[in-house]
1. Criterion first (surrounded by fewer than 20 Cβ atoms within 10 Å (Cβ to Cβ) and outside any helix (DSSP H, G or I)) does Val603 satisfy it?
2. For the condition of a type outside the set (Ser, Thr, Tyr) and exposed (fewer than 13 other Cβ atoms within 10 Å of the Cβ), what is the one hit in Leu311, Leu267?
3. Among the residues of segment 508-523, is any surrounded by 15 or more Cβ atoms within 10 Å (Cβ to Cβ), basic (Lys, Arg) and under 24 Å from Ala304 (Cβ atoms)?
4. Can you tell me which residue is nearest to the ligand (Cβ to nearest atom) among those in segment 347-359 that are among the β-branched types (Val, Ile, Thr) and touching a residue at least 60 places away in the same chain (Cβ under 8 Å)?
5. Which number in (1) of a type in the set (A, V, I, L, M, F, W, C); (2) in contact with a strand residue (DSSP E or B) (Cβ under 9 Å, 6 or more places away or on another chain); (3) touching a residue at least 40 places away in the same chain (Cβ under 8 Å); (4) within 9 Å of the ligand (Cβ to nearest atom) marks the one condition that Ile378 misses?
6. Quick one: which residue in Asp321, Asp332 is of a type in the set (D, E, K, R) and more than 21 Å from Leu477 (Cα to Cα)?
Amino acid sequence: MCGIIGYTGKKQASEIMLDALELLEYRGYDSAGIALLDEKEGGTKVAKCAGRVKDLRSLCTQKDVSGTCGIGHTRWATHGGVCDSNAHPHRFGKVTVIHNGIIENYRQLIEKYELDGKLRSQTDSEVAAAVLSRFYQGDPYAAIRKTVLKLKGTFAFAVLFEDIPGKIFAVRNVSPIVAASTEDGAILSSDVAAIVPFTTQYFVVPELHVVCLSRDGIEMYDLSGDRAGIEWMTVDWDISRSDKGGYPFYMEKEIMEQPRVIEETVLPRVKDGKPDFSAEGIGDDMLTQCRRICVIACGTAMHAGLVGKSLIQAMIGIHVDVVMASEFMYNDPVVDGETLVIAISQSGETIDTLEALKFARKCGSPSISIVNVKGASIARASEYVIYTHAGPEIAVASTKAYTTQLAVLYLLTARMAIARGLWDEDKTKRYMAELLRIPRVMEEVLARKEEIHHIADTMLNARDVFMIGRGLDYSILLEGSLKLKEVSYIHSEAYASGELKHGTIALITSETPVIAVVTQEKLKSKELSNIKEVQSRGAKVILLIKGGEVLEQEKIWSRIFRLPVMEDEFMVMPASIVLQLIAYFVSLDKGLDVDKPRNLAKVVTVE
Ligand code: F6R
């Protein structure tokens, strides 16, 4: 949470930072600010305000924000409300700081360093700035080292010292920072997305290392003051993939990209007609020796895990738990050397998932992570990583990351089945052919976008929406319902349709649209009965059903969308696209900010 940018070079830093902050806004968008070192007059200039980056941009037109070295921030509030004074950067004495994370012991620090009455904001971040300022006596490295040792919590700091022109210092614990050289200087950010316009070479600043950026390059030291080497990485994201590509919102663009990114995720991992993870170093031993699997993830990524659970249990016959990472440690998790832990995360930075993964590894569990962002903390914390090739996902609501996570889970399930000798050639061939067909099937659904738009129109004025299904259909509805909630603000609940009559059916009225998904042959008759139950209570049913078959029952829907036919276990893919588009169109037609729903942030680095 919170986007961080820093630039030093020959160009005007404010323009570069404002553009980058717009790209980073998905990390938090309640306030924004920049600070620039004033190389002529000395001192630091700060422009900050509550609101979006566009508000900051207009503030900057009224202020002197010239300068070639600066830091910028877009905030998702943790400590202190949303107001100008709580926006970052925070200046204290000679230091100016931006921060992502939470300083847990900020109260103790206020007391210890007698800061009461001296702070201008309610943020924990300003407390850290004050402590750093106290320790700064001309040696930035020493001051940062001393400060870091006093802090408890997670942090990524970028710092300007007003008497050190042209240099940005940074340090982090858990919260991410990446840095890169540019043709005229250097840049740092919380996200690779902001680096991509400048270079494809970057590195992840290791935890508790102090990095210094200047026009002459980048230096890095560990906390004992020894110079540290830099491990460069290459980002393969294409810069053009970071713009909206002519769509009104990133969410639509990202939904439309799914056929391509699924292909890019799957094709490099198919050799001789079989899934192959040798490039990731994942041997069959790992997939055959585990007795159970535990998936840890949050939100949409966890919903991908639920689909994975259904697949693996059905095809491999081993037990799979899917645990919300935020709850993992508080429920006495039972994981051991025979439990393969799979962590799923788009950003690779979700702290709940990261901490759960670290815990599981301490218990001796082998681990694989499925991550979209190269070099992210979760990727580095797990034994093996499988990257989804979704490219930058900018809309806060996850779409293409989810389906690429599913694609990896389909591949992993197949590899596991083959490695365990459960499938013959014929079964493998049929499954892989279906897997490779997903992009074309998705295209078919995407081509019917306007049909889905009409369906979405029926929900525009709804206060509550229910979504019902069983088995795999229920798993995808959990995701469909989350999507609708987060981008349209309509209360929506996914319910296992057999469970409705145990209480929740009391909420169904003629005012409640119900989306029912029916894609699994073995569950169909029961699902159709459940649909009749809600229809009898007056609900208007929007039916998403596999194929074009004529239903025996009298008309039980008010709208119907016939999904292209795939094998049952793959129906998740076309159905998910329909649910994503319904959420998108409802939000669009309500005139909401689809890409930046209220209160949310894309990367959740606080527990
Ligand atoms: C919802 C959404 C979130 C994320 C969750 C985990 O659209 O995007 O629910 O899925 O915050 O994030 P990652 O995948 O980055 O760990």
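The values are calculated or read from the model by the stated rules, or taken from the named source; none is laboratory data. Remember, predicted model here, so these are calculated numbers, not experimental data. Reconstructed Cβ throughout: ideal geometry from the backbone, glycine too, with neighbour counts over all protein chains shown.
1. no
2. Result: Leu267 is the single residue among Leu311, Leu267 that is of a type outside the set (Ser, Thr, Tyr) and exposed (fewer than 13 other Cβ atoms within 10 Å of the Cβ).
3. Taking every residue of segment 508-523 in turn, none turns out to be surrounded by 15 or more Cβ atoms within 10 Å (Cβ to Cβ), basic (Lys, Arg) and under 24 Å from Ala304 (Cβ atoms).
4. Here the answer is Thr350.
5. Status for Ile378: all satisfied but (3).
6. Result: Asp332 is the single residue among Asp321, Asp332 that is of a type in the set (D, E, K, R) and more than 21 Å from Leu477 (Cα to Cα).
Rundown of residues vs (1) more than 23 Å from Asp457 (Cα to Cα); (2) hydroxyl-bearing (Ser, Thr, Tyr), yes/no style:
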| site | (1), (2) |
| --- | --- |
| Glu479 | no, no |
| Leu484 | no, no |
| Gly503 | yes, no |
| Thr512 | no, yes |
| Ile515 | no, no |
| Leu528 | yes, no |
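Yes/no per residue for (1) within 22 Å of Leu37 (Cβ to Cβ); (2) out of contact with any strand residue (DSSP E or B) (no Cβ under 6 Å at 6 or more places or on another chain); (3) of a type in the set (D, E, K, R):
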| residue | (1), (2), (3) |
| --- | --- |
| Ile98 | yes, no, no |
| Asn105 | no, yes, no |
| Ser125 | yes, no, no |
| Leu160 | yes, no, no |
| Arg172 | yes, no, yes |
| Tyr202 | no, no, no |
